[in-house]
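First up is the structure itself, then whatever we jot down about it.
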Amino acid sequence: MTLKVSDGDGKRLDAFLALALPELSRSRIQSLIKEGHILLNCTQVKARASVSLGDSISIHIPEATPREPQPQNIPLSVLYEDDDLIVVNKATGMVVHPAAGNEDRTLVNALLHHCSGKLAQEGGDNRPGIVHRLDKDTSGCLVAAKTNSALKHLIQQFSERTTTKLYLCVAQSEPKVIHQTVSNNIARHPVHRQRMDVCNPRTGKPAVTDLHRLHTARDGTSLLLCALHTGRTHQIRVHNRVLGHPLLGDPIYSKPVRQPFRASRLMLHAWRLGITHPKTGEWIQKEAPIPEEFRPWCDEVTEYLERIRLSKSSKEFSALW
């Protein structure tokens with residue numbers, strides 16, 4: 001990654017980068033400079049070096065070598081399980097697999113304990129059994145594979161978009177239309193590395209979301225049903241922000257001072273997941289119980305949610321819209 005200095009003339013290099021890269025601590029930036037992973041105009045310098053307008057800063061962040069995840073006795077909410085796969089209701093605040101900054105207490109650690117280590121190994125050293133992911137603060141349905149053949153089959157289903165993925169979320173304001181489909185390309189933000197953003201159609205990856213407004217409260221906050229046709233990082237969060245109604249409790253894409261309701265969590269829940277069983281070919285559809293935080297909005301549309309619950313496929317529930 002390369003940054004051009006367009007503002008901040010005379011600042012220390014580490015101070016300039018601390019503002020440009022808020023996801024990195026200043027001490028981490030200083031370590032990267034000292035190790036030669038950050039260069040100023042292609043030259044290794046010290047953290048106190050001053051930057052000038054037009055300077056070029058090259059940044060390379062080496063990937064941490066993850067240790068092998070260990071089983072940990074962490075309670076799981078299991079929605080379905082057999083010899084080939086397991087579907088769980090992931091709790092909000094739980095990271096899916098170990099990574100820098102989150103080396104344990106993840107869903108993978110919990111699954112290794114629950115499944116006695118019997119998870120597909122072809123997903124990677126620190127991601128055994130992982131087919132797809134949910135953001136740390138998103139709750140709800142997630143499937144993991146116990147065998148390599150199941151992993152391969154499930155990954156193919158997600159890639160070919162033959163799964164059903166329905167999410168419930170609460171936006172800070174009312175969408176302008178009841179139903180809409182958002183289709184664009186998403187890529188990581190060039191400066192703020194924790195964020196994703198809509199980008200030029202020739203870059204990034206396609207992202208398609210159906211959004212349906214279910215209920216709007218007196219304060220304007222709105223319950224939405226979202227159907228994912230792709231699975232990009234932060235997809236629902238980015239699409240709602242682009243439309244002008246970011247999600248309640250979103251620490252990255254919303255401005256808390258503008259939110260009429262202070263949520264205790266990110267108001268995004270992977271409510272329903274439908275997959276084809278990799279061995280039997282049976283259609284398996286599971287729902288994660290709606291969290292209590294969603295009840296003030298969901299209690300207003302119980303009959304509608306029940307009609308969706310009784311439908312078997314994306315085509316059936318989309319007809320309800």
| task | Count, please, the residues in region 66-90 that happen to be buried (at least 16 other Cβ atoms within 10 Å of the Cβ) and closer than 21 Å to Leu268 by Cβ. | result | 6
| request: Could you name every one of the strands (runs of 3 or more DSSP E) located completely within region 120-195 that has at least 3 residues being surrounded by 23 or more Cβ atoms within 10 Å (Cβ to Cβ), of a type in the set (Gly, Ala, Ser) and in contact (Cβ under 8 Å) with a residue 60 or more places away in the chain? | output: 139-145
| Filter result for Gly281 (surrounded by fewer than 14 Cβ atoms within 10 Å (Cβ to Cβ) and touching a residue at least 40 places away in the same chain (Cβ under 8 Å)) | no
| query | Which of (1) β-branched (Val, Ile, Thr); (2) at pLDDT 90 or above; (3) over 16 Å from Val143 (Cα atoms) is the odd one out, the single condition Ile61 does not satisfy? | reply | (2)
| How many residues does region 29-43 hold that are within 14 Å of Ile61 (Cβ to Cβ) and part of a strand (DSSP E or B)? | 2
| field | Members of region 34-65 found to be surrounded by 11 or more Cβ atoms within 10 Å (Cβ to Cβ), more than 32 Å from the chain's Cα centre (by Cα) and polar (S, T, N, Q), listed by number | value | Asn41, Gln44, Ser50, Ser52
| request: Evaluate the following for Arg241: is it touching a Phe, Trp or Tyr at 6+ places or on another chain (Cβ under 6 Å) and in the same structural domain as Glu174 (by TED's automatic domain parsing)? | output: yes
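Out of everything in region 207-239 that is polar (S, T, N, Q) and under 10 Å from Val170 (Cα atoms), what residue ends up being surrounded by the most Cβ atoms within 10 Å (Cβ to Cβ)? Don't jump to the end; show me each part of the working.
As a first pass, look at region 207-239 and keep what is polar (S, T, N, Q): 209, 216, 221-222, 230, 233, 235.
From what is left, the residues that are under 10 Å from Val170 (Cα atoms) are 216, 221-222.
Values: Thr216: 17, Thr221: 23, Ser222: 21.
Per the stated criteria, the residue is Thr221.
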| note | Across region 249-296, the tally of residues that are in a loop (DSSP other than H, G, I, E, B) and not hydroxyl-bearing (Ser, Thr, Tyr) stands at 22
| request: Quick one: count up the residues across region 92-109 that are surrounded by 20 or more Cβ atoms within 10 Å (Cβ to Cβ) and without any contact (Cβ under 8 Å) to a residue 60 or more places away in the chain. | output: 9
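Per-residue answers, yes or no, for (1) more than 25 Å from Ala288 (Cα to Cα); (2) at pLDDT below 95:
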residue: Gly123; (1), (2): no, yes
residue: Arg127; (1), (2): no, yes
residue: Ser139; (1), (2): no, no
residue: Ala144; (1), (2): no, no
residue: His153; (1), (2): no, no
residue: His189; (1), (2): yes, yes
residue: Thr203; (1), (2): yes, yes
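The values are calculated or read from the model by the stated rules, or taken from the named source; none is laboratory data. If you're wondering where the values come from, they're calculated on a predicted model, not measured in any experiment. For neighbour counting, all protein chains shown are included, and Cβ atoms are generated from backbone atoms with ideal geometry for every residue, glycine included.
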